[in-house]
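The values are calculated or read from the model by the stated rules, or taken from the named source; none is laboratory data. What you see is a predicted model, and the numbers here were worked out from it, not measured in a lab. Quick reminder, even Gly has a Cβ in these numbers, built from the backbone with ideal geometry, and neighbours come from all protein chains shown. Heads up: the accessible areas ignore ligands, DNA and RNA and are worked out on the full protein's heavy atoms, side chains in. Shrake-Rupley method; radii C 1.70, N 1.55, O 1.52, S 1.80 Å.
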Amino acid sequence: MPTSAASNHSGRPEDLIGRLNSTHTPYEAKLKALRDLKNQIIGNRTKKQVFLKLGAVPSVVSILSAASSEDSAQGGGGDNREFRDSMLIQSAAAIGSFACGLDAGVKAVLDAGAFSLLFSLISHLNEKVADAGARSLKLIYQSKLAPKYDFLQEKNMEFLLYLLNSKNENVSGLAASIITHSCQTTVEQLALSEAGVIKRLVSLLGGSLIQRDASLESLAAVVKENSEVASKFMGPENGRALNVVIELMKDKYPRTRLLACMCLICTRNTSSSYLRDSGIQNKLVLVLLELLDDPGQVGDEAPFVLSSLITEKEDMQKIAFDENVVDKLCEHLRAGTFQAKRLQGLFLALGDLCSKLECCRDRVIELQVLNFVTEALAHDSAEVRGAACTCLKNVSRSVKKLSAGQFMNEAVAVPLVQLLCDTSTSVQVAALGAISNVVVDFMPHKSLFIQCGGVKQLVQLSKSMESAIRVNAVWALKNLTFLVNNKCKDEIFSELTSTTLISLLSDPEASVQEQAFALIRNLVDGSLYSIEYVFGEDGLLLHAIGKQLRSTSQIDVQIQVMYTLSNVASGNECHKEAVMNQLLPQAGNDTETLLIKFLQSTDSRLRTATIWALINLTFPSSPGTSSRVTELKNAGIISQLKNMDNDPCLDVKLRAKMALGQLMMFGDAST
Amino acid sequence: MPVRVVDNSSPSQVSGTTPGNALPQPCTLLSVGQAFSGTQNVSSLQKDEAWRVNVKIQGCDLDHGYLCGTMEALNVPMADTPVVTFWEGEIVDTKNYTFFTGKWGATEEDDIKHWTKFPSFLPLLSQVEADGGKSLDLSNYPYIFMRWKEQYFVNVGTDCGLTIAGFYYVCFSCSDGSINGFYYDPNSSPFQKLELKSTNDGRLGFSFSSYELQ
């Protein structure tokens, strides 16, 4: 009986690698080993990882390299040529398979130097070899790890056009994949457009399935956020290309439908006039809704595409709401157990819907989806945790719900506070965004957040090295301090300390300074007792405020400084005098003109804040007002206020009148 | 106490401008955190009665003509505690909302009947009668007209024996922050007057807090 070949050529990974690496393995056996390897790893992630660990990729790449060198050295024909071509095809296919859907595989392939070898196969005379090379490269280009293709080099652009014009669908498809992967800047978009790429991509829309999908995806990349390029896509032949894409929204393949939507949305988002026809708008929503049902990759990607359609666009959010998108997304969340990616997309799309419209937030609450959101705050995937925070942030953008104390409970506060220690910075920032909203809570529940250790964490994060974390942490503290009771204020202040606050007031980032001043502004609001926070430790904090008043040139910071001082000046005589000393410290000093400078600011908010401080300093029933009025008159305030009688801002005009009225109660106001 | 500024604006300042009007300018006295107190007259033929009322502004979105806050009624006869309600306001900016309510059981006649009770509305009357006030530019007018509609009870159940079925026609003075209003509910005594003044929490001056949603 003949023995089976398998007994000699075991399928064990180690043996396979051995055969690939051995110089004694006959060519036929090597080719067979390559085929075996390819068949074992196709679609099998575990097997891929096993072979990766055993160093299979460098072995395959060296076979490809050897076959390529022989090929270019010997040329010729006959069996030998046929055999070498088979080696090239099988090794290229195995390399592509390693790179498919596995970043570690892509990395190994790139490290082993396969990239340029595969590119050299594309111009091979044997179309099957060129095809195999193109397929492999396409798979590599699906990964973020693939090197960026430099379109701006002339020879690269020529080569790209050569690929794009190829009759081989895998080669032209590869060109489209290169564009999708590498076209990121406006300059690159314009260069591609000028080279005639759009016209060629549009013609590929009429090609095979592979060409169509690849073309839709690269068209989206080329027009994205670029109105100039988009107009070249929209314009010619009365929008013929556009109509082709619109038709493809009805294609029988879900992936084609998804990519057609993506391409249309990218075009739509470049201008306020494109694709505003209500028929198409509704159609986009409906097609994407239906694609959410796809169990595979298309269904995973659909919510992200939906999100790009509705984000920041209230009109589209309304259309989506009317098409019951909130209900549908919630149904999907209820169905449970998805890939992390799909869950992330569902939360993002739901978050987008709730960013502006109260009716969407109402529906989310009604459908009790908040439980899923809070559950997802503890998900294994950082992307899901971040998306859940974003969703919660947008749902809690409702004053009506905050007023009802809807969010400040342990189920929400505890996991949110835990996320402040998350290992991912973007999750921390997203959690801070949600916390900033949730702590606005108008019911007396703010103490719950403090009990959960929230203030301690926020204060810690206000000292972070990352400015995005610092600004958001102080923002959350500011919102927490808004209309909070004295007991909570004491707790917040004792955790914060004057020292931390002072360093925040002079933070390198102006946005952090602005939030820190607004925080102090809220701290000293409310009962008279609160003003004392800035007077502790010999008025350390008040001096720091005064110092910043004189040194900052940022209008947004100046506005908050003036409201802080104005709030302090609404206190008793002693408080007013202290503010007066900061605003007009001594005669002959440059600061003297600071008030005038602020009153002449081009920003009406700064003018308003400054006049409020003046109104509080000259409040009629306070005993020392008379002497302050004299000082202010000497500083030229009255004539300045009189000039503001016709201020373009109504609030400034009315406040100036009010201040003048008070100043005039004290003798001659002609100066 | 703030000094009342004499209003010298004339109707010519507000009428006859182009459509597509500018929104009202922000007014610090009507910003979030601001508090007001006063009374609501609930007198009827049988009794003469006024409830003390406190109002706090919690949200303001001028782009959407939206304002909201709470209203606390202090000496309500049938309640043991002060009754707090949450209300939402429509700002008459002639873009998001006009003087005509078009809902809540109020006819155009009811609207005119109530708005004309505010002296500051009279200069606008003819234009409102002509086109509902659509061509008025109120962005520089020192009064802001609104409708406040209570949405829910914050601290008591719906079984408290009180109703929030009606709504308020409101006029806010940007000059001194005073608020006047008339409650409208076909089933309650007509023209219950709400009178509120800006309060300052025992301070000798005005204090402003703020929050920003992300």
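Contact residues in the range A:458-489 by the 30 Å² criterion (accessible area, 1.4 Å probe, full protein complex versus chain alone): A:W475, A:K478, A:F482, A:L483. Here the accessible area of chain B is 52 percent carbon and sulfur, with a 1.4 angstrom probe and all protein chains present. Tell me which lysines have Cα within less than 17 Å of B:K113's Cα, excluding those fewer than 8 residues away on the same chain? Straight-line reach from B:K113, under 17 Å: B:K103, B:K193.
Site pair A:Y529 and A:K144 shows an inter-label distance of 5.1 nm when each label is modelled 7 Å from Cα along Cα→Cβ. To the nearest 10, the accessible area of A:E312 is 130 Å² with a 1.4 Å probe. Note on B:T81 and B:S188: with the Förster distance fixed at 35 Å, the Cβ-Cβ geometry gives a FRET efficiency of about 0.95. What the Cβ-Cβ distance of A:A378 and A:N156 gives, at R0 = 56 Å and to the nearest 0.05, is a FRET efficiency of 0.75.
Of the GluC sites (Glu not before Pro) found in the range A:165-264, those in coil by DSSP whose Cβ has at most 16 other Cβ atoms within 10 Å are A:E225.
In chain A, the ratio of gyration radius to Kirkwood radius, Rg to Rh, stands at 1.12 when only Cα atoms are counted. Interface size, chains B and A: roughly 4100 Å² of accessible area buried, both sides included, 1.4 Å probe, rounded to the nearest 100.
Going from the isolated chain to the complete set of protein chains, the range A:384-425 loses at least 50 Å² of heavy-atom accessible area (1.4 Å probe) at A:V399, A:K400, A:S403. Working ranking of peptides A:109-118, A:361-370 by packing, defined as the average number of other Cβ atoms within 10 Å per residue, highest first, is A:109-118, A:361-370.
When each of the peptides A:132-138, B:161-167, A:542-548 is scored by how many other beta carbons lie within 10 Å of its residues on average, the order from highest to lowest is A:132-138, A:542-548, B:161-167.
In this structure chain A gives 41 Å² per residue of accessible area when probed at 1.4 Å with all protein chains present.
The mean accessible area for residues of chain B, using a 1.4 Å probe and ignoring ligands and nucleic acids, is 43 Å² per residue. Separation of the alpha carbons by more than 22 angstrom is noted, of A:K38/A:K167; A:K400/A:K478; A:K38/A:K138, for A:K38/A:K167. Look at the stretch A:565-571: the mean tally of other chain Cβ atoms within 10 Å of its residues' Cβ atoms is 4.
Compared with the dominant principal axis of the Cα atoms in chain A, helix A:154-164 is inclined by about 60°. Using 0.36 nm per residue and subtracting the Cα-Cα separation, the extra length available between A:E28 and A:A191 on full extension is 54.0 nm. As a length-normalised measure over Cα pairs under 8 Å and 6 or more apart, the relative contact order of chain A settles at 5 percent. Axis of helix A:297-310 versus longest Cα principal axis of chain A: the two differ by about 30°, to the nearest ten degrees.
Within a straight-line Cα-Cα reach of under 17 Å, A:K642 can be paired with the following lysines, leaving aside sequence neighbours fewer than 8 residues apart in one chain: A:K597, A:K633, A:K653, A:K657. Here r is the Cβ-Cβ distance between A:D294 and A:L367 and R0 is 35 Å; the resulting FRET efficiency, rounded to 0.05, is 0.95. On the range A:1-147, 54 percent of the accessible area sits on carbon and sulfur atoms, based on a 1.4 Å probe. Please work out whether the range A:1-147 counts as rounded, prolate or oblate from its C-alpha gyration tensor, where a ≥ b ≥ c are the square roots of the eigenvalues and a/c under 1.5 means rounded, while otherwise a/b larger than b/c means prolate and anything else oblate? The shape class here is oblate. From its DSSP helices (H runs of at least four residues, each -39,500 (n - 2.57)), the protein assembly as shown gives a residue-normalised ellipticity at 222 nm of -17000 deg cm²/dmol. When peptides A:408-416, A:291-299 are ranked by their average number of other Cβ atoms within 10 Å per residue, the highest-first order is A:408-416, A:291-299.
Note on the range A:396-484: with neighbouring protein chains present and a 1.4 Å probe, carbon and sulfur make up 53 percent of its accessible heavy-atom surface.
When the other protein chains are added to the chain by itself, burial of at least 50 square angstrom of heavy-atom accessible area (probe 1.4 Å, ligands and nucleic acids ignored) affects these residues of the range B:43-77: B:Q58.
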